[in-house]
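A short write-up of the structure that comes next.
Each value in this text was obtained by applying a stated rule to the coordinates, not by laboratory testing. Every value quoted in this text rests on a predicted model; they were computed, and no experiment measured them. Note: ideal-geometry Cβ built from the backbone for every residue, glycine included; neighbour counts use all protein chains shown.
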Amino acid sequence: LSRDEYTPEYQMDFDRTKLALNGLNSSTAGAAFSAAMSGSLASYYREDGDEYDIRVRYAPEFRRSVEDMENITVTNAAGNQIRMKELGHVVETLVPPTIERKDRERLITVTGIIADGRALSDGVDSAQSIIDGIELPSGISTVIAGDFEDQQEMFGDMIILMILMVILVYMVMASQFESFLSPFVIMFSLPFAVVGVILGLTITGTALGVMSIVGVIILIGIVVKNGIVLIDYIHLQRERGLSVIQAVVVSGKSRLRPVLMTTFTTILGMLPMAIGTGQGSEMWQPMGIAIIGGLVVSTAMTLVVVPSIYCMFQGSKIRSERRAHAEKLGLDADWKKAKRRLIRRKKQK
C-alpha cells in the first residue's frame, strides 16, 4: 500500500458564528494559529555567504498542551486579543502522513507481484474479482494500472504497426507483380498464420503477450514469402502457355520442396527458443511458439488455399474477358444460347 499508517494530529475546529461575532474569518484565525504553532518567516540571517531563515513562533513551553493551544490569541480589526477557545475547540484526529494526487484527485496505490508461472492477465482477473466483491463508498473509483496499463498501450501500438506492415507489404508486392490481384491472393495466407499462432499458444498453455505479438509481426514478412514463391512460378508457367489449372499443378509440384525447406529451416531455428528452459527463456518462449505455430498452419494453407483462390479469381477474370470479347464481336446472344444448350445437355446426361 502506497500510504503509510495514519498519524495522530491536533486540529483547530473553528465555529464560523463565533468568528463572525468577533470580526474574524477562518483564514485570519487559521493563519494566526499556524504562526503560533509552526512559526512564520520573519526575515533572514546571513553569515559568511550562508543564509538562514528567521522563524518566529511561540516558545515551546507555550505550545505543549491542548490548553496552551486554546490560549493562543489572535487580534481582530478592532485591536482586541481573542483566545482560540473563544472561537472554537481543538480536536484530535488521524491524518495520512502524505497525500498523493493524480490529475488533481487523491490517489492510493496498491501494488503486487504476479506469482511465478502466472500470466499478467490472471493477476488482473484476480484483482478485478476482488474489487467487484467490495462495496466502495460513493466518490471512490478503482483503476487497474501499472504493467497492465503499459501492456494495453503497447498492444494498441503493436496493432497499428501490424496494419502498417500489411499495407507496406501489399504495396511492395503490387509494385513488383504489377498487379493488385496477385498480392491480394497471397495475403490470404496471413489469417491462417494468426490461427496457427492461437493454436500454438493454446496447445502449449502460453498466454498471449507482447512477445507473441512481436512473433505475429515477424510472421507477416515470413508467411507471404511462400506465397510469393508459388504465385511467381505460376505466372512464369502462364507465360509459357499453360492453362490456369496446369500452371497451378506444375507450380505446386515444383515449388513444394523449396517452400517446405524454407519453412522447416525457420521452424528448426526457432525450436530452441520455443523449448528454452534457461534463465530469461520465459520472455522469448512465447515468440518462438507463435512463429512455429503460425508457420506450420500458414504453410499448409498456402499450398492448398492460395492456389485455389488464385484459380477462382483467374477463372472469373477469364470469363469476364471472354464475355467482353464476345460482346465486342456481337456474339453475345449466340454465346448465351450456346451456354444454355450446354447446360441442358448436361442435365439430360
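Summary table below
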| quantity | calculated |
| --- | --- |
| Loop-resident sites, region 1-93, for chymotrypsin sites (Phe, Trp or Tyr not before Pro), counting at most 15 other Cβ within 10 Å (DSSP) | Tyr6 |
| Percent of C-alpha pairs per 5 Å bin, region 176-288, short to long | 2, 11, 17, 20, 16, 12, 9, 7, 4, 2, 1, 0 |
| Where only alpha carbons of region 1-65 are counted, the Rg and the Dmax (Å) | 17.0, 51 |
| Stokes-Einstein D in µm²/s, Kirkwood radius over Cα pairs - the chain at 37 °C with 0.692 mPa s viscosity | 114 |
| Average Cα contact separation per residue, the chain, under 8 Å, 6 or more apart, as relative contact order % | 15 |
| Low-density loop positions, trypsin sites (Lys or Arg not before Pro), region 186-269 - DSSP coil, at most 10 other Cβ in 10 Å | Arg240 |
| Additional length obtainable on full extension of the chain from Thr265 to Glu178, 0.36 nm per residue less Cα span | 28.3 nm |
| Computed [θ] at 222 nm, deg cm²/dmol, the chain (DSSP H ≥ 4; -39,500 (n - 2.57); rounded to nearest 500) | -21000 deg cm²/dmol |
| Shape call, region 34-127: gyration tensor on alpha carbons, a/c limit 1.5 | prolate |
